[in-house]
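J.: Let me begin by handing over the structure; questions about it come next.
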Amino acid sequence: MPREEVENGRDDMLIDGNEVEQRRLENAVPEGFNADYLKAYYGKIFPYADIFKWLSYGNDGKHPGCDHSYFGRREFSFTLDNDIYLRFQSFNTASELENAIKEKCPFKIDIGPVYSVDIKVPQFLCVLSLRGRQPSKRHAYSQGGDNVFTPVEKELVFDIDISDYDDARYCCSGADVCLECWPLMTIAIKVIDTSLRDDFGFSHILWVYSGRRGVHCWVCDGKARRLNNEQRAAIVDYFRVYKGNENSSKKVSLVGPALHPFLVRSYTEVLKDYFEKRLLSSQNLFLNEERFEKILEMIPDESVTSELRGRWLSNKRSREEINVARWDQLKNLLQSNKQKGQGLRRCIEEIVFTFTYPRLDMEVSKHMNHLLKAPFCVHPKTGRVCVPINPKNCEEFDPSAVPTLSQLLGELNTGGFKGEGDSEWDGTSLGDCVRYFRESFLQHLLKSCKEEIETSYNAKVQQSRNSISW
């Protein structure tokens, strides 16, 4: 077999001509997260142009109806090393944004609202410790009289964290996540995405992996961005089903003679199948007495719970079939008690909702001035990139397969990649993620935004003509 001399001076045998794998191993970067890795990522891979186009919403200066100040009124915040927090950062151009990120190398980038006025402030006012006080720029504006410093636009956002499901999963807890409990996030994406599109008529929705233990949703339609806080709260309340706390034995109560059509659709199309075919066995929900007692507490009839408890304590089954068998027994007994009324039979649905229904961080969605982590950031705890998730095939998403910072730098080190412009993301495993963001989300969004700008501009021109004629 041929032998090649490599740059480090070693003679390495190329087995079966697998040069690509050989180069990958030679250029591998140790796993981890640090400022040097991040500088390389921001310098070569981060998709600045796409982020700028997204948050400009068609206000690119190419049409007379564009708002040239739009992007410059958007708040960004940077979290630097040692928990230094920079609030109220703003940038007028894509190059300003890129230069600031490259210079400051933020460990985290958050996106806030678009304000009514320019929010640039002197640098010394922006530097905050996480334990420090808020900058005084807002006070300076408010002293002008008319409360001019106020948020006027912000995407409708949702934050779903798997640590909020700790009472519904047994494989992991806290920030830990695995393929056994990740379907809870898949369920949340399917339920919320379908409702946002079918019930509210939104079209431009971006789902993003948080980089560690959850997902974020950005609803970017113009009518969503312009919702006030009360309207946002009403949408959040529409999704509210899970109302219990860690001390409540019953966390879901489905009241009324019939379920809302949204809940019926969620149950029949998503929740029921995921509960019975995935979570029931993967989480071993009926494995032992401690676990099945949690479920029996949700049934308000002592005669039913006593009968089930007696069966389960005396009938020992194999681990593989015990969960399905006990669930079938519970369903059959509840459904056979017709004389008990609908309330008892409704317990089946309430149990399924308790273990599967999305648990939203309500406060994140209610307020326009709440900031949320930007897509394509790198999570410092995992080193994983916050990549978009396609809701159409979200069941295929594997958080453990998401590109890491060190993986991407290793791919850059192999060379031979040809990126677009000055970016080299196209030749890395992040390429498909950026292409999905661009082709499946951004292009459709910008087309809609430019049509809206054109329509608004033409209406203003016509109104002006009419006033002159009059």
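Every residue, every condition in (1) open to solvent by 70 Å² or more (accessible area, probe 1.4 Å); (2) touching a Pro at 6+ places or on another chain (Cβ under 9 Å); (3) closer than 26 Å to ASP110 by Cβ, yes or no:
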{"position": "PHE202", "(1), (2), (3)": "no, no, yes"}
{"position": "LEU206", "(1), (2), (3)": "no, yes, yes"}
{"position": "GLN231", "(1), (2), (3)": "yes, no, yes"}
{"position": "ILE235", "(1), (2), (3)": "no, no, yes"}
{"position": "GLY256", "(1), (2), (3)": "no, no, no"}
{"position": "VAL264", "(1), (2), (3)": "no, no, no"}
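J.: What is the one condition in (1) in a helix (DSSP H, G or I); (2) more than 30 Å from GLN443 (Cα to Cα); (3) open to solvent by less than 70 Å² (accessible area, probe 1.4 Å) that THR268 does not satisfy?
T.: Unmet for THR268, out of (1) in a helix (DSSP H, G or I); (2) more than 30 Å from GLN443 (Cα to Cα); (3) open to solvent by less than 70 Å² (accessible area, probe 1.4 Å): (3).
J.: Report, by residue number, each residue of segment 280-293 that is crowded, with 17+ Cβ neighbours inside 10 Å, touching a residue at least 60 places away in the same chain (Cβ under 8 Å) and assigned to a helix (DSSP H, G or I).
T.: Of everything in segment 280-293, just one residue is crowded, with 17+ Cβ neighbours inside 10 Å, touching a residue at least 60 places away in the same chain (Cβ under 8 Å) and assigned to a helix (DSSP H, G or I), namely SER282.
J.: Out of all the residues in segment 434-454, which are open to solvent by 70 Å² or more (accessible area, probe 1.4 Å) and closer than 11 Å to TYR57 by Cβ?
T.: Of everything in segment 434-454, those that are open to solvent by 70 Å² or more (accessible area, probe 1.4 Å) and closer than 11 Å to TYR57 by Cβ turn out to be LYS450, GLU452.
J.: Mind listing whichever residues of segment 83-109 are among the charged types (D, E, K, R) and surrounded by fewer than 20 Cβ atoms within 10 Å (Cβ to Cβ)? Spell out how you get there, then give the answer.
T.: Step one: filter segment 83-109 for residues among the charged types (D, E, K, R), giving 83, 87, 96, 98, 102-104, 108.
Result: ASP83, GLU96, GLU98, LYS102, GLU103, LYS104, LYS108.
J.: Quick one: count up the residues across segment 380-412 that are within 18 Å of ASP161 (Cβ to Cβ), open to solvent by 30 Å² or more (accessible area, probe 1.4 Å) and assigned to a loop (DSSP other than H, G, I, E, B).
T.: 4
J.: Just a yes or no: is a residue in segment 228-239 in contact with a His (Cβ under 9 Å, 6 or more places away or on another chain), at pLDDT 95 or above, of a type in the set (S, T, N, Q) and in the same structural domain as LEU156 (by TED's automatic domain parsing)?
T.: Among the residues of segment 228-239, at least one is in contact with a His (Cβ under 9 Å, 6 or more places away or on another chain), at pLDDT 95 or above, of a type in the set (S, T, N, Q) and in the same structural domain as LEU156 (by TED's automatic domain parsing), which makes the answer yes.
J.: When you check VAL304 against the structure, is it more than 27 Å from TRP182 (Cα to Cα) and surrounded by 13 or more Cβ atoms within 10 Å (Cβ to Cβ), yes or no? So that I can check it myself, show each step before the final result.
T.: On the way: more than 27 Å from TRP182 (Cα to Cα): yes; surrounded by 13 or more Cβ atoms within 10 Å (Cβ to Cβ): yes.
Judged against the criteria, VAL304 is a match.
J.: Name the residues in segment 209-229 that are closer than 15 Å to CYS181 by Cβ and touching a residue at least 60 places away in the same chain (Cβ under 8 Å), would you? First the steps, then the outcome.
T.: Start the filter on segment 209-229 by keeping residues that are closer than 15 Å to CYS181 by Cβ, which leaves 209-210, 212-215.
Of everything in segment 209-229, those that are closer than 15 Å to CYS181 by Cβ and touching a residue at least 60 places away in the same chain (Cβ under 8 Å) turn out to be TYR209, SER210, ARG212, VAL215.
J.: Moving on. Anything in segment 125-183 that is assigned to a helix (DSSP H, G or I) and either open to solvent by 40 Å² or more (accessible area, probe 1.4 Å) or at pLDDT below 95 (or both)? List them, or say none.
T.: Taking segment 125-183 first, the residues assigned to a helix (DSSP H, G or I) are 125-126, 137-142, 162-165, 183.
Scanning segment 125-183 gives LEU125, CYS126, LYS137, ARG138, HIS139, ALA140, TYR141, SER142, ASP164.
J.: Quick check on segment 190-202. Is at least one of its residues touching a His at 6+ places or on another chain (Cβ under 8 Å) and hydrophobic (A, V, I, L, M, F, W, C)? Break it down stepwise before answering.
T.: Step one: filter segment 190-202 for residues touching a His at 6+ places or on another chain (Cβ under 8 Å), giving none.
So far as segment 190-202 goes, no, none of its residues is touching a His at 6+ places or on another chain (Cβ under 8 Å) and hydrophobic (A, V, I, L, M, F, W, C).
J.: Just name the residue that is farthest from TYR457 (Cα to Cα) out of those in segment 56-73 that are assigned to a helix (DSSP H, G or I) and touching a Leu at 6+ places or on another chain (Cβ under 9 Å).
T.: First, the residues of segment 56-73 that are assigned to a helix (DSSP H, G or I): 56, 71-73.
The next check asks that each one be touching a Leu at 6+ places or on another chain (Cβ under 9 Å); those that pass are 56, 71.
Numbers: SER56: 17, PHE71: 19 Å.
Checked segment 56-73; the qualifying residue farthest from TYR457 (Cα to Cα) is PHE71.
J.: Still on this structure: If you check every pair at least six apart or on different chains, which have Cβ atoms under 8 Å apart with a residue in segment 169-192 that is on the phi > 0 side of the Ramachandran plot and assigned by TED's automatic domain parsing to the domain that holds SER400 first and a residue that is open to solvent by 10 Å² or more (accessible area, probe 1.4 Å) and part of a helix (DSSP H, G or I) second?
T.: Matching pairs, first to second residue: GLY174/SER163.
J.: Right, next: Which one is modelled with the lowest pLDDT, of the residues in segment 413-429 that are crowded, with 17+ Cβ neighbours inside 10 Å and in contact with a helix residue (DSSP H, G or I) (Cβ under 6 Å, 6 or more places away or on another chain)?
T.: Among those residues, the one meeting the criterion is GLU424.
J.: Pick from SER203, SER266: which is assigned by TED's automatic domain parsing to the domain that holds GLY383, within 21 Å of the chain's Cα centre (by Cα) and not basic (Lys, Arg)?
T.: Numbers: SER266 fails: assigned by TED's automatic domain parsing to the domain that holds GLY383.
SER203 is the lone residue from the list that is assigned by TED's automatic domain parsing to the domain that holds GLY383, within 21 Å of the chain's Cα centre (by Cα) and not basic (Lys, Arg).
J.: Next question, about the same structure. In the set LEU280, LEU259, LEU333, LEU313, which member is under 20 Å from PRO183 (Cα atoms) and not polar (S, T, N, Q)? It would help to see each step written out before you state the result.
T.: On the way: LEU259 fails: under 20 Å from PRO183 (Cα atoms); LEU333 fails: under 20 Å from PRO183 (Cα atoms); LEU313 fails: under 20 Å from PRO183 (Cα atoms).
Just one listed residue meets the conditions, LEU280.
J.: For GLU350, work out the one condition from (1) in the same structural domain as LYS190 (by TED's automatic domain parsing); (2) buried (at least 18 other Cβ atoms within 10 Å of the Cβ); (3) closer than 29 Å to PHE275 by Cβ; (4) of a type outside the set (A, V, I, L, M, F, W, C) it doesn't fulfil.
T.: That leaves (1) as the condition not met.
The values are calculated or read from the model by the stated rules, or taken from the named source; none is laboratory data. Being a predicted model, the structure only gives us computed values, none of them experimental. Glycine also receives a Cβ, built like all others from the backbone with ideal geometry; neighbour counts cover every protein chain displayed. Side chains are part of the model used for accessible areas, which takes the heavy atoms of the whole protein and leaves out ligands, DNA and RNA. Shrake-Rupley method; radii C 1.70, N 1.55, O 1.52, S 1.80 Å.
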